[in-house]
Amino acid sequence: MKYCGDRLVRGLLLASLVTLGACATAPQTGEEKTALKAGDPSLQHWLLPDTPPYPEDNKPTAERVALGKQLFFDPRLSRHGNMSCASCHSPMFGWSDGLPTARGHNGMLLGRASPTVINTAYNSIQMWDGRKKDLEDQAIGPMEASVEMNSDFDRMFAFLSTNKGYRDAFEKAYPDEGVSKETIAKAIASYERTIISNDSPFDRWVKGDEKAMSEQQVRGFKIFIDPAKGNCAICHSAPNFTDDGFHNLGLASSAGEDADPGRFAHKPIRILKGAFKTPTLRDVALTAPYFHDGSAETLMDVVEHYAIGGVVKENLSPNIRKLNLTRSDKEDLVAFMEALTTEHEPVALPVLPLE
Amino acid sequence: MNHTKTILSTVAAVFLFSGLAGAAEYEVTQKNKTFSVKELTIKVGDTVKFTNEDDFFHNVFSLSDLKTFDLGSYPKGEFKSVTFDKAGEVEVECAIHPSMLMTINIK
Ligand SMILES: [Cu+2]
């Protein structure tokens, strides 16, 4: 099987054709082969690993997670001492803010919705427009942004390295690495890697608990993965309900010259105009409103948007088309998405070191 | 299951034919959100055909200095070809799925 690999590229014509034939008979991975039975082997690719991946130089430890949690909730990292990561990514709102689009420095209205932190640890690319690679890369972004936390880094470093609690915490978490943007980012990323949703009724159903989802929710899942019905899994794919890809959904806000270019600002390829990253749907019932512009108030609004095949057709993702869904199909889909919520332990807020 | 996928994803860039002039055509497939090969070495004048074998749309583009192209996005079973006329290295990507990357070395 290995010789289906590139080694044969320069091989004999005949050999190549034989190889092609052999490879073409391999099984398809289409969702239509999924058996809708709790615990079925065909469903297991929907389960997320318990531990998300992490970079080699930032293995999560209890000290790193604890420091990251303090930093995440500490408003003193912002210029005015009034905004923390949690201002926009609050556990009270599914690690988002409940607003259509975020409010930043001095209450400034920002252009995009605060994405949830949930399961970003499993993403291979971060931000609505993918401009950050991983959580370490992302964590400092809002502090650097003048419209967000607008941090004064000289003052922040002075504060973190003279405050005894933080100085000790940094020394324990990152011995000899000091207080820097790198260590701040690494600690916050370590904490974010603990913000996980992977034990929802859907997960328990996949693992074999047939009572975990209602009949309606199972019907909703069927519609979700059926290319001829909801066709949702084409982008919201297993296991994290995202393809880590970029799509233009034909939202009303995507019309006109001043429309948010999305991914196109970073990769000037035509189909990326107005394209944004597919968000996870895990815990989605906790993170209303929806879409990158916050234009959908409810999950039913989201389903209705896809059912009509988007509003603005210009540069619309080819994965999106008018869907043939009845009212009860739509209700089933919403019920299924509600089965993606993990029941979390309440988040205990950290006590922040005063001196 | 994942095992099968991994093996499948290594399906070769198939060497299709070699014309009298010596220019060859290669096929690179897109399956399970990966290009079938990470690297491909070809000769100046050779053509690479990019075939989508996934149930969803893929794109093929390059913004490399040596060659810039955007083949748009197309569904399963369809392909588009690019002829490489200068020696050097070209990075090929899918705009929809940024983890899809490959390099073509043109000798
Ligand atoms: Cu792709």
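The values are calculated or read from the model by the stated rules, or taken from the named source; none is laboratory data. Model, not experiment: these values are computed from the prediction. As a convention, Cβ positions derive from the backbone with ideal geometry for all residues, glycine included, and neighbour counts pool all protein chains shown. Heads up: the accessible areas ignore ligands, DNA and RNA and are worked out on the full protein's heavy atoms, side chains in. Shrake-Rupley method; radii C 1.70, N 1.55, O 1.52, S 1.80 Å.
Side notes on the structure shown:
- Spin-label model, A:Asp50 to A:Leu352: label points 7 Å out along the Cα-to-beta-carbon direction sit 3.3 nm apart.
- Cβ neighbours within 10 Å from other chains - mean over A:144-155: 0
- FRET efficiency for the pair B:Ala23 and B:Leu63, taken as 1/(1 + (r/R0)^6) with r the Cβ-Cβ distance and R0 = 22 Å, rounds to 0.35.
- Debye, to nearest 20: dipole size of the protein assembly as shown, +1 on Lys, Arg Cβ, -1 on Asp, Glu Cβ: 880
- Peptide B:55-63 has a mean of 5 when you count, residue by residue, the C-beta atoms of other protein chains within 10 Å of its C-beta.
- Sparsely packed loop sites in region A:203-249 (the trypsin sites (Lys or Arg not before Pro) outside DSSP H, G, I, E and B with at most 13 other Cβ atoms within 10 Å) comprise A:Lys211.
- Cα-based helix-to-principal-axis angle, A:164-173 vs chain A, degrees rounded to 10: 40
- Taking only the Cα atoms of region A:261-328, the ratio Rg/Rh comes out at 0.99, with Rh defined as the Kirkwood radius.
- Stretched out straight at 0.36 nm per residue, the stretch from A:Met300 to A:Glu331 would grow longer than its current Cα-Cα span by 10.4 nm.
- Between the beta carbons of B:Asn32 and A:Asp152, assuming R0 = 41 Å, the FRET efficiency works out to 0.30 to the nearest 0.05.
- Model label points for A:Lys132 and A:Leu109, set 7 angstrom from Cα along the Cα-to-Cβ axis, are 2.5 nm apart.
- For region A:141-261: rounded, prolate or oblate by the Cα gyration tensor [a/c cutoff 1.5]: oblate
- Axis angle, to the nearest 10 degrees, between helix A:153-162 and the longest C-alpha principal axis of chain A: 70 degrees.
- In terms of accessible area, using a 1.4 Å probe and ignoring ligands and nucleic acids, A:Glu343, B:Glu91 rank largest first as A:Glu343, B:Glu91.
- Exercise: per-residue mean of other protein chain Cβ atoms within 10 Å, B:95-103: 6
- Here region A:229-267 and region B:33-68 have alpha carbon centers that stand 23 Å from each other.
- Sparsely packed loop sites in region A:252-336 (the trypsin sites (Lys or Arg not before Pro) outside DSSP H, G, I, E and B with at most 16 other Cβ atoms within 10 Å) comprise A:Lys313, A:Arg321, A:Lys322.
- Tensor-based shape of the protein assembly as shown (alpha-carbon gyration tensor, a/c under 1.5 rounded, otherwise prolate or oblate): prolate
- Cα shape, region A:53-192, gyration tensor, a/c 1.5 rule: oblate
- Put a dot 7 Å past the Cα of A:Glu177, heading toward its Cβ, do the same for A:Arg321, and the two dots end up 4.9 nm apart.
- FRET efficiency, 1/(1 + (r/R0)^6) with R0 22 Å, evaluated for B:Leu101 and A:His344 via beta carbons: 0.05
- Beyond 22 Å in Cα-Cα separation lie the following of the pairs A:Lys267/B:Lys67; A:Lys267/B:Lys107; B:Lys38/B:Lys76; A:Lys33/A:Lys133; A:Lys277/B:Lys31: A:Lys267/B:Lys107; A:Lys33/A:Lys133.
- Angle of helix A:215-225 to the longest C-alpha principal axis of chain A, folded into 0 to 90 degrees and rounded to 10: 80°.
- When all protein chains stay in place and ligands, DNA and RNA are ignored, the 1.4 Å accessible-area order of A:Lys59, B:Lys49, largest first, is A:Lys59, B:Lys49.
- Exposure ranking of B:His97, A:His89 by accessible area [1.4 Å probe, largest first]: A:His89, B:His97
- Helix-only CD estimate at 222 nm, as mean residue ellipticity for chain A, using -39500 (n - 2.57) per DSSP H run (n ≥ 4): -8500 deg cm²/dmol
- Equivalent ellipsoid of region A:200-250: semi-axes from √(5λ) of the C-alpha gyration tensor, largest first, are 23, 13, 7 Å.
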